[in-house]
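The values are calculated or read from the model by the stated rules, or taken from the named source; none is laboratory data. Here the structure is a predicted model, which is why all the values come from computation and not from measurement. All Cβ positions, glycine included, derive from the backbone under ideal geometry; neighbour counts span all protein chains shown.
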Ligand code: 26Q
């Protein structure tokens, strides 16, 4: 949009005076933030209205992205950048003597997600708006986002994230007229109506009100505003008397109270099922209503609507859609089924078996009695169709939805839709040949890959302005709107002046992070050290512990030989553990105690530092990632579906130290083997061990004195205060046979770290590698990823 500094100052002051009755010099950062956001709202509101009008007037096809998580982080800068007024606002604030960063920091992260999956959903919202595709989000408006992590005595402590705080969510708009009802529990039976058709009759059902709050999603400088719809729950007025006690009312509010903090193992909690159904049912109901308003026939809804199922969390969608079409809108089953399977598509984000959702059939029947009947019907028809197509009984058994008293949600998503995708090339291959092999044989045409992406604007223009300005200096600013122009940097990688500029950019980012580390932990780190970073959820398969093993080895090397010539290293961790994940919490404790040991040992001469930064979230990522020299992506090959932080590190010039897993493989393909450090087993090595059952961690431990010394450090008092945790880790590695093959990969990892050390000594060479990474990172823009979804899966037009 076009706006002068003077116009903005006038609008901003008006808002501040009118809404808060206060003048700029007296306002707190939070008050200034609120007024700024309200001013920005006024700017985009007409665009938002216009967008909705056009989509329905032109009968455009819309994709709805159903996700139980969205993790946008802060929205202010993104909204300003995308409106094209970020620079003007900054200049205006400077003129008003207001610290822009303080105002920006007053915004609470919108953390309605655990990690990669939620962040990806948020990225897709931004990219849908930016590419101009009509794609809307559908999720839950949690009162508390992912817990706030504090470290106390080295332990993780979880505190509630009351992100509404005193400010509330300034970006949202409540849409009362789109309220719908959601039914749970009770008994259902079928009754024939006049024309002999069966209708469900509900007894004692709980009827809840679903109220949507819409959050605008602004495209990058294109005047397009899409919508993220988050549902909240309320008790309908007519049923208020049914909830006489506070506890009764709380049991309803719970539905949108908390985001489940597990991102790996699935637990069959009733409340979780209710959450999943609540957002899915509410979303589908309003989708059908708004489609019908256009006066088009319901049998053709798939021509104007796509419903995307982000992981299995909304996978009840095909069954609920059938319920709505058959029960509420009276379509014939076969017609409804045809429409449903042309509407639904599904993304899988994991191959870990323990993360696939399976609901106990009895629990499901109690919570969703009518949907349960419909799932049984879908399952029966699937089984008999397959049998009459001559499919082998074992294959039918493997792929059916209801078996062994469990409802297999992935199976429902696959059978009830037309598309299944993985999130990186390797991941999709593994789905086809392993996890979902039988489905792939039944429906090869449904399977496709969509490698994840990131919103490059947030990781460059917002998180690293010095980097962005330096890119402008050398290749012009065209890359800001066309990220593929970054490739022009490839022509400059032999120019020492250019490399020197990028070196200073990295040093600046390291200095910012070093100041934050000093301020929050008291630890002093040198910006001449290698900043080696591993930030991600804490999970055994991601192998933060492998990183720890190497740090312990380096510690022993320096204790043995204090004069050993190594480049100083700062190992930086950030990670939240699921509150019930004992092992992961033990690893956090061990990292913190190891940090205490190392950081306070003056005999190490500052060559080694370990920092654990608490409460890793999107905003902290914006500070940490640009400051990294080394990006640790060391999951056991085959386990990390894609990874997305790996892409952010690459884009801001870190060298990836990685296994051949997830999207690391595609990063390697982009930069070439010389500009990434790869080590360890590949997925074939891993699968070979599974087939042959021939892995014995204890014999590695017994035959390798270096490994033995490192592993023994967990139990022999080397690291203080970790008796229980050290024993638990020791046992996981030795007694329980090291499920993620850390010991087998250890030696290769140590060598890879030594290679990093050698490479870093030649700064010119290092910066060349770094720049090659930046130059080829355009491959991972989520604008392109979403374009592939839009064209190849959803058939949208922009
Ligand atoms: C399921 C049931 C009950 C409670 C919680 C859950 C649950 C919640 C979140 C299960 C999984 C998740 C999140 C998974 C996730 O973030 N996966 C990551 O997705 C990224 C985006 O595709 C990939 O890059 C990562 O590799 C993958 O780990």
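Right, residue 67: touching a helix residue (DSSP H, G or I) at 6+ places or on another chain (Cβ under 6 Å) and over 20 Å from residue 129 (Cβ atoms) or not? Steps first, please.
Details: touching a helix residue (DSSP H, G or I) at 6+ places or on another chain (Cβ under 6 Å): yes; over 20 Å from residue 129 (Cβ atoms): no.
Against the criterion (touching a helix residue (DSSP H, G or I) at 6+ places or on another chain (Cβ under 6 Å) and over 20 Å from residue 129 (Cβ atoms)), residue 67 does not qualify.
So is residue 170 in the same structural domain as residue 109 (by the TED database), assigned to a strand (DSSP E or B) and surrounded by 12 or more Cβ atoms within 10 Å (Cβ to Cβ) or not? Walk me through it before giving the result.
On the way: in the same structural domain as residue 109 (by the TED database): yes; assigned to a strand (DSSP E or B): no; surrounded by 12 or more Cβ atoms within 10 Å (Cβ to Cβ): yes.
Here the answer is no, as residue 170 does not meet what is asked.
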Scanning the stretch 739-794 for residues that are surrounded by fewer than 22 Cβ atoms within 10 Å (Cβ to Cβ) and without any contact (Cβ under 8 Å) to a residue 60 or more places away in the chain, which turns out farthest from the chain's Cα centre (by Cα)?
762
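Keeping to the stretch 610-641, report how many residues are touching a strand residue (DSSP E or B) at 6+ places or on another chain (Cβ under 8 Å), within 16 Å of the ligand (Cβ to nearest atom) and assigned to a loop (DSSP other than H, G, I, E, B). Let's see the steps before the verdict.
Taking the stretch 610-641 first, the residues touching a strand residue (DSSP E or B) at 6+ places or on another chain (Cβ under 8 Å) are 610-622, 624-625, 627-634, 640-641.
Narrowing the set further to residues that are within 16 Å of the ligand (Cβ to nearest atom) leaves 616-618, 621, 625, 631-634, 640-641.
From the residues that got through so far, the ones that are assigned to a loop (DSSP other than H, G, I, E, B) too are 616-617, 634, 640-641.
Residues flagged as touching a strand residue (DSSP E or B) at 6+ places or on another chain (Cβ under 8 Å), within 16 Å of the ligand (Cβ to nearest atom) and assigned to a loop (DSSP other than H, G, I, E, B) within the stretch 610-641 amount to 5.
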Could we say that residue 201 is part of a strand (DSSP E or B), farther than 30 Å from residue 227 by Cα and within 38 Å of the chain's Cα centre (by Cα) here?
no
Only one of (1) in a helix (DSSP H, G or I); (2) crowded, with 23+ Cβ neighbours inside 10 Å does not apply to residue 558, and that is (2)
Test: residue in the stretch 202-220 that is within 16 Å of the ligand (Cβ to nearest atom) and on the phi < 0 side of the Ramachandran plot:
no
Go through the stretch 662-692 and give me each residue that's within 16 Å of the ligand (Cβ to nearest atom) and at positive phi.
662
Tally up the residues in the stretch 262-295 that are crowded, with 20+ Cβ neighbours inside 10 Å and without any contact (Cβ under 8 Å) to a residue 24 or more places away in the chain, please.
1
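A quick yes/no check of all residues on (1) touching a strand residue (DSSP E or B) at 6+ places or on another chain (Cβ under 6 Å); (2) part of a loop (DSSP other than H, G, I, E, B); (3) at pLDDT 95 or above:
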position: 254; (1), (2), (3): no, no, yes
position: 265; (1), (2), (3): no, yes, no
position: 281; (1), (2), (3): yes, no, yes
position: 300; (1), (2), (3): no, no, yes
Those residues of the stretch 478-527 that are closer than 30 Å to residue 132 by Cα and either surrounded by 18 or more Cβ atoms within 10 Å (Cβ to Cβ) or over 29 Å from the mean Cα position of the chain (by Cα) (or both) come to a total of 7
Among (1) surrounded by fewer than 16 Cβ atoms within 10 Å (Cβ to Cβ); (2) at positive phi; (3) in contact with a helix residue (DSSP H, G or I) (Cβ under 7 Å, 6 or more places away or on another chain), which single condition is residue 165 missing?
(3)
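Looking at 259, 190, 208, which is the one that is assigned by the TED database to the domain that holds residue 110, loosely packed, with under 15 Cβ neighbours inside 10 Å and more than 30 Å from residue 798 (Cβ to Cβ)? Walk me through it before giving the result.
Working: 259 fails: loosely packed, with under 15 Cβ neighbours inside 10 Å; 208 fails: loosely packed, with under 15 Cβ neighbours inside 10 Å.
The conditions single out 190.
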Tell me, which helices (runs of 4 or more DSSP H) lie completely within the stretch 739-798 with 1 or more residues that are out of contact with any helix residue (DSSP H, G or I) (no Cβ under 9 Å at 6 or more places or on another chain)?
742-761, 782-788
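Within the stretch 58-137, considering only strands (runs of 3 or more DSSP E) that don't extend past its boundaries, which have at least 3 residues that are within 16 Å of the ligand (Cβ to nearest atom) and touching a strand residue (DSSP E or B) at 6+ places or on another chain (Cβ under 8 Å)?
70-73
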